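Accompanying notes for the structure given below.
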Amino acid sequence: MRNRERFTFGGGCSVAAIALLLAATPVAAQVQQTKHFDIQAGDLGPALNAFARQANQEIMFSSILVAGKRTQGIRGNREPSAALSALLKGTGLSAETGAGSVVTLRPARPATGGGALTPISATNYSTPAPYAEAGPGLQTQDAPLEPQDEVSAVEEIVVTGSRIIRNGYEAPTSTTVLGAEDIQRRAPANVADYINQLPQMGQPTSPRTTVYSATSTGGGANLLNARGLGATRTLVLLDGRRVVSAGLNSAVDINLLPTNLLQRVDVVTGGASAAYGSDAVAGVVNFILDNSFTGLKGSVNYGVTDRSDAESFNGDLAYGARFAGGRGHVLLSGQYFSGDGVDTPLSRDWYRPGYRLLSNPAWTATNGQPGQIVRYDAGYGRASPGGLITSGPLRGTLFGENGQIGQFTFGPIQNGDLQAGGTVEDTARIWPLLPEQKYWSTFGHVTYNLTNDIKATFEASYAGSDGSNWSSPYARQANITVRSDNPFLPLQIQQAMTANAISSFTMGRLNYDLVTPGGHGGEAGYYRRQERYMAALDGTFLETGRWRTYYQRGQSDVWYTRSNNPLVERYNQAIDVIANPAVGGVAGVAVGQPICRSQLTTPANGCVPMNIFGIGAPGQASIAWVMGLNEGLGARQDLDIQQDVWAIDAQYEPFSLWAGPVSFAAGFEWRKEQFTAKADAQSLKSAWFTGNFGTSQGKYDVNEFFVETLVPLLKDAPFASSLDFNGAVRRTDYSTSGAVTTWKAGLTWDINEELRLRGTRSRDIRAPNLSDLFAAGTAFQNNYSDPSQPGSPTVSTIGISGGNPNLKPEVAETWTGGVVYRPAWLAGFSASADYYNIEIADAIVAIGAQQLINQCYGVGVPRDPASCNSIIRAPGRSDLVDATIYTGGVNAQIQAVEGVDYELSYRTALADIFPSWNGSIDLRLLATQRLKDETELAGAITDRLNLAGSMKWNGLFSGTYSYGPSRTTLTVRYLGSGKVSNYAPTSQLGLADELNHFDAVTYVELAENFDIEMAGRKITLFGVVENLFDQDPEYIPGSYAGFGTSTQYDLLGRSFRVGARFRF
């Protein structure tokens, strides 16, 4: 389906959900009116679903009965019986009309009596026939049935269509539909990875893309990002209903959904707030489940890269059955994923240690040089893993492994914590290329017919995920003071200090070894447990009316941790070491043995002296004390997030106009979102290096009322085969920000059966979420360019992020317009092009620390003195070293994106082209051309167009060749070329033109699905090779963090996945 409008009682239903809504709608079978059908070729199940909607006809069939069967589709004006006959041609199924005009699909009787059933073989995978001309009657018996069909024929479900729910290209808003078979052909590791590869989607939040920052609360989650406008502007639905978020930012973790039950995924890229409420500014992604499934199905797969790492295991199982004589249905499912991580980028030959951007030390505003330069030998210049002396006559002395002492070479370019031209102490070699992850979900769905007109539904689910990241070790950059009386100092250094008459020196240390066995420095943990319960009643009234009401409770228990994270005061005490004196020393410690200097005045403070001179020098006892492990201390925040929803809606067709029936829908929804956040005692005192979580709480409730209509304006008129108007208005009242009105108006104009025009105009909103409003301040250490110093060196700062209760809703004005062409001269081909323009006023934008710094000092943007108020300098300093920077969300002036989406598809039997050829092909090309991506804030426009993550061109092509039991799919993903910077080359943030470019990248994926028979059952074996040609990522230098590329690319290289799925 293409149209996920609010008419659909939750935005589009699966086969079972539609049955719940419309089970008792009567249909006048005696007189059949000619209707317009536009049903794409493909899997029979979705095609029958589309037929039911377009014909407003109840159909009963088993999901197993139609599994694996295909139809070439149908287009044009026909009676419903003739259209259904055409759809069933060649499938081995027949349609019978029973009591109440309900059509039931059953296996067709063989044309010759007593014939044997045909086993699974190539003959059961007949290529699709051409677009059929419908014949009289409903009986078809063109092919023998498969063995499992006869067994399951009594397992029936009811599907009733609605004229309001439109299929495919008929929607006024462009929609991409991913069917279950489309997804299975590629057999992705998870569904979110597949969706995120669509050109309409921006750079996602996923375990592969959060490797650069342990500060991200989205770590370990898989979030969707339509149009690149952010996960918070992409509304994710499950069977048309909201899902409780995986954190405070309202975004839904796709990994926690029961994706093994998917019937399809509808991706609507356009404003839909009038239909669904807040958050649908960039679009809606609706996961539609096969809630009517009966039988047993499952799959298992194993993946690994060709470097023999990043191993993964994924398994799922589902069972569905009817009970109480068919009045009830129960569905149970579970799935599990476990993936190993890749600890370092050094395992990949594309990785370039030292490749990064640095401020040009020779730049001035008038000398015409670029403000940024690219170096291949950049690294830390004021610290090393085992310690680096940074002052005095011993400057450059390096403490290495096993007590070795070496010499560090300082480069000619010194840029704060970084340097170039000397020893390359890589900044990212210990960061994870891929964090390890586990997630799982369980799901239950029960329906029961209370009467012939009313059904009850109950759902429950429980899911969880565990993830981690470790990109923030406790680095001390040239700010450790070491005195000559430290007994851990190597003798050689003590003698040199005596010879040079120095009593102390400063040292920098990266502290990579400040970890427990098997751990990682500054390891961030992300843990989620999610529960969801839903109860619903729905039914019909009069002849065309439908109603639904439901209550839903969702709860997410989320906790964030920071492991191998020192208590700063303890660290400072542990590294300030002296020999225990004979007089006034610590009792019980031998004279001359190392003690902490603080123990002279506080003998019972428990301090354990730490040796910091050399890689691996710190002992586990001192590490445990510094981390607070023996007392069970640790940085942790616990979130309890709750979402309650109660809704009631109805739709009705009260009358008809000259062009067809007029439909109305209306409904009311109440929603409450609330949370509490608790933190450990040390975080509340900001005692940790990183984390330092806060406590907070907040809530809001929403009351919404909507009205929507669908009005056919023309039918079979000159230059208008049909013309339909779709409009909606929603009034939303937030307890935090007041009332706001959203609306939508759309037209679909079929000029003829080949050409269609469509367009929408909408006003959409996103109200500030729990995180935007109420999130407690959380402190992290990061490094940023400091324009207060000559050369803008990179320095260490403390960032504190939190909510802003003064935020107001952002309002988006959206235009879309498109054309669809399906030529009669080329059956199975369709093409579309859709323009979009989204302009968000008062856009809620998270201001990063570097952006605040640049605005304060006017670097690349007009100077904004108000931004300086968010920067608190360290005592006694005029620069930004150790400054505290407060960040959070603000209402920006404007955020805007603009572009064009293209889609081409072609499906045909090869025999239609070359009579002697076997099999069929299914081709699909999606592409997006971006025309604008910019944000206006504080009077300055930030242009992101053609930067990494927002390139002008992206594309995705897939082609499947099917013959017999084999389906071979080739997928090509194209990421366009772009620029590193959009600043003028000679500006302070500019880059020379010859360096300011990265090339396009093309990834090729090959997948094979092959059906075999075992013990009379069909099993599908599949294998996938991702990044078939082992394409390296493009080199894109960064100013501090990163691997010298972008996470939009595949950082792992060629990988393999094999598995099997079954359905009994």
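Read-outs throughout are calculated quantities, based only on the coordinates presented, and are distinct from any laboratory measurement. Quantities reported herein were computed from a predicted structural model and do not represent experimental measurements. Using ideal geometry, Cβ is built from the backbone for each residue, glycine included, and neighbour counts are taken over all protein chains shown.
A few remarks follow.
- The gain in end-to-end length when the residue 874 to residue 395 segment is fully stretched comes to 169.9 nm, 0.36 nm per residue minus the alpha carbon separation.
- Each residue of segment 405-419 is assigned a 3J(HN,Hα), and the resulting list reads 10, x, 10, 9, 9, 7, x, x, 9, 10, 10, x, 6, 10, 8 Hz, derived from the Karplus form 6.51 cos²θ - 1.76 cosθ + 1.60 (θ = phi - 60°), x at Gly and Pro.
- Label point at residue 535 placed 7 Å out along Cα→Cβ; residues across segment 436-476 whose backbone nitrogen lies under 16 Å: 445-450, 455-461
- In sequence order, calculated HN-Hα J values of segment 228-240 (Karplus, 6.51, -1.76, 1.60; Hz; x Gly/Pro): x, 8, x, 5, 6, 9, 10, 7, 9, 10, 10, 6, x
- The calculated FRET efficiency for residue 631 paired with residue 369, based on their beta-carbon distance and R0 = 60 Å, is about 0.65.
- Computed helical MRE - 222 nm, the chain, DSSP H runs ≥ 4 contributing -39500 (n - 2.57), nearest 500: -2500 deg cm²/dmol
- FRET efficiency, residue 658 to residue 703 (Cβ-Cβ, R0 30 Å, nearest 0.05): 0.20
- Taking amide H positions as modeled 1.01 Å from N, with prolines and chain starts lacking one, the residues under 5 Å from residue 328 and 5 or more places away or on another chain are 323, 449.
- Karplus 3J(HN,Hα) series, Hz, for segment 694-701 with 6.51 cos²θ - 1.76 cosθ + 1.60 (x for Gly, Pro): x, 9, 6, 7, x, 7, 7, 10
- Each Lys and Arg adds +1 at its Cβ and each Asp and Glu adds -1 at its Cβ; summed about the Cα centre, the chain shows a dipole of about 660 debye.
- Extension gain (nm, one decimal) between residue 485 and residue 346, 0.36 nm per residue minus Cα-Cα: 46.2 nm
- Cross-link pairs exceeding 28 Å between alpha carbons, from the set 438/699; 438/952; 744/808; 297/455; 69/297: 438/699; 438/952.
- Fully extended contour minus Cα-Cα distance, from residue 402 to residue 755, at 0.36 nm per residue: 119.5 nm
- Efficiency of FRET between residue 913 and residue 454 - r from beta-carbon atoms, R0 56 angstrom, step 0.05: 0.65
- Placing a pseudo-label 7 Å from each Cα along the Cα-to-Cβ vector at residue 1060 and residue 720 gives an inter-label distance of 5.9 nm.
- In terms of its C-alpha gyration tensor, segment 734-824 comes out oblate, because a/c is 1.5 or above while a/b does not outweigh b/c.
- Interchain or long-range residues, amide H under 5 Å from residue 513's placed H: 616
- Residue exposure sequence - 788, 174, 878 - by fewest surrounding Cβ within 10 Å: 878, 788, 174
- Residue 970 paired with residue 1012, simple spin-label distance in nm, labels 7 Å along Cα-to-beta-carbon: 2.6 nm
- Taking a point 7 Å from the Cα of residue 825 along the Cα-to-Cβ direction, the residues of segment 751-768 with backbone N closer than 16 Å to it are 753-755.
- Taking label positions 7 Å along the Cα-Cβ direction at both residue 837 and residue 997, the computed distance is 3.1 nm, reported to one decimal.
- In terms of other Cβ atoms within 10 Å, 658, 559 run from fewest to most in the order 658, 559.
- Ascending count of other beta-carbon atoms within 10 Å, so fewest first, for 438, 685: 685, 438
- Sorting the segments 445-457, 713-725 by their mean number of nearby beta carbons within 10 angstrom, highest to lowest, gives 445-457, 713-725.
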